[in-house]
Amino acid sequence: TTRSWDFMGLKLSSPRKATAESNVIVAVIDSGIDPDSESFRDEGFGAAPMKWKGVCEGGENFSCNNKIIGARFYEPAESARDEDGHGTHTASTAAGNEVRDVSFYGLEPGTARGGVPSARIAAYKVSGATGCSSEAILATFDDAIADGVDIVSVSLGSASPLPFDNDPIAIGSYHAMKRGILTSNSAGNSGPGAGTVTSVAPWMLAVAASSRDRRIIDKAVLGSRTLIGASVNSFILKGSFPLIYGKDASSNCPEYYARTCADGCLDSNSVRNKIVLCDRPAGFYEADRAGARGVIFYNPIPDDASLVPMPAVGLRSEDYNVAISYMNSTKDPQASISKSENIKDPAAPEVVSFSSRGPNQILPEIIKPDVTGPGVTIIAAYPSDVPVTSGSRDTRRVKYNILSGTSMSCPHATGVAAYVKEFHPDWSPSAIKSALMTTAWPMNHTTNSSCPGEFAYGSGHINPLKAIDPGLVYDASAEDYIKLLCLDMDEARVRLISGDNSTCPTASEQGSAKDLNYPSISAIVTPMTRFTVTIRRRVTNVGLANSTYKAEIMPNSQVEIKVEPQVLSFKSVNEEKTFDLTIVGRGLPDGSHMSSSLVWSDGTHKVKSPVLVQSLS
Amino acid sequence: AIDHEDRKVHIVYLGSLPDDEEYSPRSHHLDILQRVVDGSSAENCLIRSFNGFAAKLSDQEKEKIANMEEVVSVFPSRTFQLQ
């Protein structure tokens with residue numbers, strides 16, 4: 001966070017409403033929190049907001065203050081203290097204090113801070129050693145809603161997308177939405193394959209992960225050749241050391257396991273005082289155990305940098321093969337590994353390869369993920385008694401650590417949502433979500449995935465300063481979501497969920513998921529046929545009372561898109577207008593998709609929605 | 001009788017909590033369990049209450065509960081991971 005917020009334009013000097021910000025309560029459902037971190041001190045904070053109805057039940061040796069106003073933990077945890085580091089990291093990214101002169105052994109230097117440093121935090125610890133149970137997540141949402149929080153941040157996910165009525169995060173966030181609380185959720189780390197996004201419910205904000213303009217690299221020097229790699233390596237290794245391949249350093253494992261430096265495979269006598277080549281990233285743990293001096297490993301995710309427990313550098317496939325060739329062709333192969341350094345990355349922001357991709361497997365007409373935020377090598381608060389890595393000899397303890405994942409991008413979006421809430425405390429969850437989506441920076445199609453574009457970044461990269469003044473919002477009420485649930489459930493079950501006498505539309509009026517008043521627009525069409533799809537949307541004026549917006553469509557050669565009416569004139573704030581977007585085309589091959597965008601502009605605001613047509617048999 | 005080990009943790013999702021101040025989730029959840037649990041007390045099967053509950057259920061008990069009018073869904077508890 002020493003760079004990520006500045007990169008997005010949310011600076012220390014950006015506009016703030018101090019009192020309103022201190023009234024925002026961010027719930028962090030995670031691995032707990034470190035109450036002793038500087039990021040959560042409460043100097044300058046008054047008492048908890050009046051609306052707070054929660055408790056501080058963090059267990060033994062856990063005290064709340066006026067910054068961390070609430071704490072709860074759920075079995076099997078025994079306290080709300082963070083024994084992993086993840087929850088402290090995410091909480092400080094969303095709403096941590098400003099802490100100057102932070103770095104990780106000189107990497108990522110600067111002032112660490114959350115998006116809303118004056119907001120309050122309620123920590124809910126659901127994560128045990130093996131993960132988080134469905135029942136703990138559901139109980140947490142119940143408590144957070146009753147406690148009176150404003151925004152929920154959930155950097156958790158399942159291995160695959162689940163139907164809404166089987167997904168505790170979707171269920172919990174639905175009931176939160178009904179009480180006016182937006183949930184921000186990590187999209188998942190299963191990319192870059194298609195259909196891997198696990199946060200799929202339309203009432204949640206699903207957040208993909210991208211790079212920033214500051215990257216971490218390190219170098220391996222082999223003979224006269226320098227190879228640039230990616231890893232977060234804080235170690236200074238002086239001089240060169242003999243190089244050995246994992247497969248040549250094992251007496252008790254088959255070759256495949258030995259070359260990957262699988263657990264228990266490396267002979268200490270063979271690797272001591274040497275740099276080992278390992279065919280997989282986690283090989284550095286085995287090399288560390290066996291007492292090697294360093295590791296050069298194959299990194300299948302070269303756009304991310306792994307934390308390493310010893311001098312180690314991760315190389316992309318081509319460079320790793322160069323290292324193997326060098327070792328095989330040299331009589332006395334030697335290598336050295338440098339300490340990591342920061343460099344500028346002019347290509348940022350790009351969606352990182354591990355970030356999960358659409359299409360949405362549960363509701364294909366709802367584009368997921370929704371937005372993108374910084375999620376690569378983010379430095380944020382970390383408990384000073386938790387090891388930096390799980391390496392057996394890693395004795396490093398830090399107050400700020402570097403982590404990557406959609407877990408890291410999620411709290412950035414949470415922070416922006418809280419920032420919007422600060423300016424517009426009465427906005428609905430869907431209005432806040434719309435503000436984040438329609439003001440997002442356009443992003444470029446990435447080359448690291450078979451499903452680039454909107455399936456990678458959704459509406460684009462979150463843009464905090466624009467999000468507080470979106471001009472128009474696509475609002476959706478609990479009733480709108482009920483209509484959506486009616487597509488898949490009978491009325492009796494829908495009524496149980498709504499808690500009232502909601503009715504489902506008759507079959508002829510039922511429509512489809514594309515009719516939900518969603519800030520992005522998507523339609524499914526039959527392959528190789530002629531099609532005409534009309535999609536209705538409703539926008540609410542949240543800008544100037546008297547304003548006129550004109551529609552602009554980004555041309556696409558494969559389809560014709562029209563908007564009717566093309567001009568929307570508003571005379572008051574909160575006035576609603578509807579429009580129809582019609583897409584006409586033919587002959588889209590099965591599995592293909594085409595994208596365009598609709599922008600409503602009044603000359604000041606640009607309210608942008610991606611338009612995506614997917615051809616599915 | 002079904003052995004306790006044959007039961008797996010399931011989530012029984014009941015939808016919105018009633019607004020009624022007299023409503024006791026735990027009593028309601030025990031009542032549902034007592035209607036289906038064989039050879040074991042409902043108290044022993046109930047793990048946690050929320051707007052639904054978590055309980056140790058056999059496949060047969062799960063099916064019975066899933067068919068009740070007041071139940072939205074029944075699904076196995078899964079483990080979610082930090083990302």
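The values are calculated or read from the model by the stated rules, or taken from the named source; none is laboratory data. Note that the structure is a prediction, hence the values are computed from the model and not measured. Here Cβ is always computed from backbone atoms with ideal geometry, including for glycine, and neighbour counts include all displayed protein chains.
Taking segment A:242-287 as the range and being in contact with a strand residue (DSSP E or B) (Cβ under 6 Å, 6 or more places away or on another chain), among the aromatic types (Phe, Trp, Tyr) and closer than 20 Å to A:Asn328 by Cα as the test, only A:Tyr245 passes. Do we have A:Tyr326 as more than 24 Å from A:Asn401 (Cβ to Cβ) and under 31 Å from the mean Cα position of the chain (by Cα) here? No, not satisfied. Taking the condition out of contact with any Pro (no Cβ under 9 Å at 6 or more places or on another chain) and either among the aliphatic types (A, V, I, L, M) or at pLDDT 95 or above (or both), does A:Phe73 pass? The answer is yes for A:Phe73.
Residue count for segment A:182-199 satisfying the condition of being assigned to a loop (DSSP other than H, G, I, E, B) and either among the small types (Gly, Ala, Ser) or more than 10 Å from the chain's Cα centre (by Cα) (or both): 12.
For segment A:64-103, which residues satisfy the criterion of being over 12 Å from A:Tyr124 (Cβ atoms) and acidic (Asp, Glu)? If the condition is that a residue be over 12 Å from A:Tyr124 (Cβ atoms) and acidic (Asp, Glu), then A:Glu75, A:Glu78, A:Glu83, A:Asp84, A:Glu98, A:Asp101 are the ones that fit. Residues of segment A:387-405 that are farther than 15 Å from A:Leu107 by Cα and of a type in the set (Gly, Ala, Ser): A:Ser390, A:Gly391, A:Ser392, A:Gly405. I'd like to check something: does segment A:190-210 contain any residue that is over 22 Å from A:Ser430 (Cβ atoms), surrounded by 24 or more Cβ atoms within 10 Å (Cβ to Cβ), more than 12 Å from every other protein chain (Cβ to nearest Cβ) and of a type outside the set (Val, Ile, Thr)? Yes: segment A:190-210 contains one or more residues that are over 22 Å from A:Ser430 (Cβ atoms), surrounded by 24 or more Cβ atoms within 10 Å (Cβ to Cβ), more than 12 Å from every other protein chain (Cβ to nearest Cβ) and of a type outside the set (Val, Ile, Thr). For segment A:74-103, a residue qualifies if it is among the hydrophobic types (A, V, I, L, M, F, W, C) and under 28 Å from A:Leu465 (Cβ atoms), and the qualifying residues are A:Ala91, A:Ala94, A:Ala95, A:Val99, A:Val102.
Taking segment A:1-29 as the range and being in contact with an Asp or Glu (Cβ under 8 Å, 6 or more places away or on another chain) and either farther than 17 Å from A:Ile181 by Cα or within 14 Å of chain B (Cβ to nearest Cβ) (or both) as the test, the residues that pass are A:Thr2, A:Arg3, A:Phe7, A:Leu12, A:Arg16, A:Lys17. Checked against (1) exposed (fewer than 14 other Cβ atoms within 10 Å of the Cβ); (2) over 26 Å from A:Gly471 (Cα atoms); (3) modelled with pLDDT under 95, A:Leu487 passes all but condition (1).
Among the residues of segment B:14-47, which ones are surrounded by 21 or more Cβ atoms within 10 Å (Cβ to Cβ) and closer than 22 Å to A:Ala144 by Cα? Across segment B:14-47, the qualifying residues are B:Leu14, B:Gly15, B:His29. Of all the numbered requirements in (1) within 12 Å of chain B (Cβ to nearest Cβ); (2) within 19 Å of the chain's Cα centre (by Cα); (3) surrounded by fewer than 24 Cβ atoms within 10 Å (Cβ to Cβ), A:Lys178 misses one, and that requirement is (2).
Screening segment A:479-509 for residues that are among the hydroxyl-bearing types (Ser, Thr, Tyr) and part of a helix (DSSP H, G or I) and picking the one that is nearest to B:Leu17 (Cα to Cα) gives A:Ser498.
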